[in-house]
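For reference, the structure is listed below as structure tokens.
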Amino acid sequence: MSHRPADISTPAISVVLPARDEGDRVGATVASALTAAAAPDRVEVVVVDDSSTAGRRPRITDAADRRRTRVIRSEQHLGVGGARNLAARHARGRLLFITDAHTAFSAGWDDEALRLVAPGRIVSVTVRDRASDWRGHGCRLVVPYMGTRWNTAAPADPARHVQIASSAGTVVDSALFTRLGGYDEGMVHYGGFEPEFSVRAWRAGAEIVHTTAIEITHRFKPPDECTAFLGAARTAMVHNCLRFGTVHLPESMILEMVRLHALEYPDHVRQALVMLQQRGAWQRRAHLAASLPYGFAAFVQRFALHDQIGRPVPQE
């Protein structure tokens with residue numbers, strides 16, 4: 001089900017917002033995106049209501065904001081990747097600005113996005129914590145665990161390459177997003193979508209450049225809310241990490257990855273391994289090996305990648 005905005009000129013930028021049980025936060029994010037834009041008429045917002053519960057569906061109260069917003073309701077819980085992909089399929093903008101449903105935009109963000117994004121370039125924007133002065137400048141990959149860590153130091157080079165663009169601020173040419181195949185829908189609900197997409201983009205010959213000229217202020221979950229959320233999502237997250245590694249890592253590192261997750265999450269790894277087989281991770285690995293111009297070794301070489309205890313990553 002979709003609510004379409006009144007007929008407006010074709011936008012240059014589509015802001016992509018997956019939303020599950022976000023309620024009024026969606027309206028605040030839409031208002032921020034449009035108010036902070038230098039030219040709001042060239043911006044549309046595409047919200048996917050990812051099977052929110054009654055009473056917590058996206059709410060956009062301002063009539064002007066609603067005219068520039070499309071809300072697509074999914075009765076099935078798609079998860080982060082599927083919801084973003086659905087929004088991208090409905091987006092009309094040349095650029096996609098992928099963010100979360102609880103963010104605020106810096107002034108003139110649209111000018112900078114149009115200036116920085118190119119057909120083979122993805123832009124990672126600066127993410128700021130709403131409750132502090134902390135800032136994240138893209139992420140780096142933890143191998144072979146297949147998690148990520150934030151880069152917390154601002155880059156000296158204004159056009160610095162980063163390994164991973166974050167979920168709260170990824171800007172990509174819509175044609176490139178389509179060519180890459182969007183986010184991996186073989187993953188489940190939450191966790192791992194952004195690093196897998198970023199590694200796949202590098203392997204496809206694209207680049208990811210970080211900018212401090214666009215800043216997204218993000219509501220990070222408070223500790224008690226975060227603990228409950230992660231507890232409920234843990235099996236999916238373990239599966240997603242295992243799928244990510246199975247698809248991209250050298251085969252010699254896959255067993256070590258599984259061992260690390262088994263030691264940390266013994267109550268979740270068995271079901272995660274069952275899901276890994278059911279959802280065709282090895283077939284996905286073979287497909288990407290045949291279709292992408294570069295292997296994981298190219299990513300390793302570009303960033304002189306070491307594993308989490310400092311050993312060089314094999315380039316088999």
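Within the stretch 64-91, the residues that satisfy the criterion of being part of a helix (DSSP H, G or I), of a type in the set (Lys, Arg) and either touching a residue at least 12 places away in the same chain (Cβ under 8 Å) or open to solvent by less than 20 Å² (accessible area, probe 1.4 Å) (or both) are Arg66, Arg67, Arg84. Name the residue that is modelled with the highest pLDDT, counting only residues in the stretch 201-226 that are surrounded by fewer than 21 Cβ atoms within 10 Å (Cβ to Cβ) and out of contact with any Lys or Arg (no Cβ under 9 Å at 6 or more places or on another chain). Among them, the one singled out is Gly205. Residues in the stretch 106-141 that are over 21 Å from Gly205 (Cα atoms) and of a type in the set (A, V, I, L, M, F, W, C): 5 in all. For Asp157, the conditions (1) touching a residue at least 12 places away in the same chain (Cβ under 8 Å); (2) more than 17 Å from the chain's Cα centre (by Cα); (3) more than 30 Å from Leu230 (Cα to Cα) all hold with the exception of (1). Given the options Tyr183, Tyr190, name the one that is surrounded by fewer than 21 Cβ atoms within 10 Å (Cβ to Cβ) and in contact (Cβ under 8 Å) with a residue 40 or more places away in the chain. Answer to the check: Tyr190.
Listed by first and then second residue, the pairs with beta-carbon distance under 8 Å, at least 6 apart or on different chains, first residue in the stretch 17-38 and of a type outside the set (A, V, I, L, M), second part of a helix (DSSP H, G or I) and crowded, with 18+ Cβ neighbours inside 10 Å, are Pro18/Val80; Pro18/Ala83; Pro18/Arg84; Pro18/Ala87; Arg20/Ala83; Gly27/Asp65. Residues in the stretch 245-271 that are closer than 15 Å to Ala289 by Cβ and either among the polar types (S, T, N, Q) or open to solvent by less than 40 Å² (accessible area, probe 1.4 Å) (or both): Gly245, Thr246, Val247, His248, Leu249, Pro250, Ile254. Looking at the stretch 137-169, which of the residues that are part of a loop (DSSP other than H, G, I, E, B) and hydroxyl-bearing (Ser, Thr, Tyr) is nearest to Arg121 (Cα to Cα)? Filtering the stretch 137-169 for residues that are part of a loop (DSSP other than H, G, I, E, B) and hydroxyl-bearing (Ser, Thr, Tyr), the one nearest to Arg121 (Cα to Cα) comes out as Ser166.
The values are calculated or read from the model by the stated rules, or taken from the named source; none is laboratory data. The structure presented is a predicted model; accordingly, all values stated were derived computationally and were not measured. Glycine gets a Cβ as well: all are built from the backbone with ideal geometry, and neighbour counts include every protein chain shown. SASA here: full protein model, heavy atoms, side chains in, ligands and nucleic acids out. Shrake-Rupley method; radii C 1.70, N 1.55, O 1.52, S 1.80 Å.
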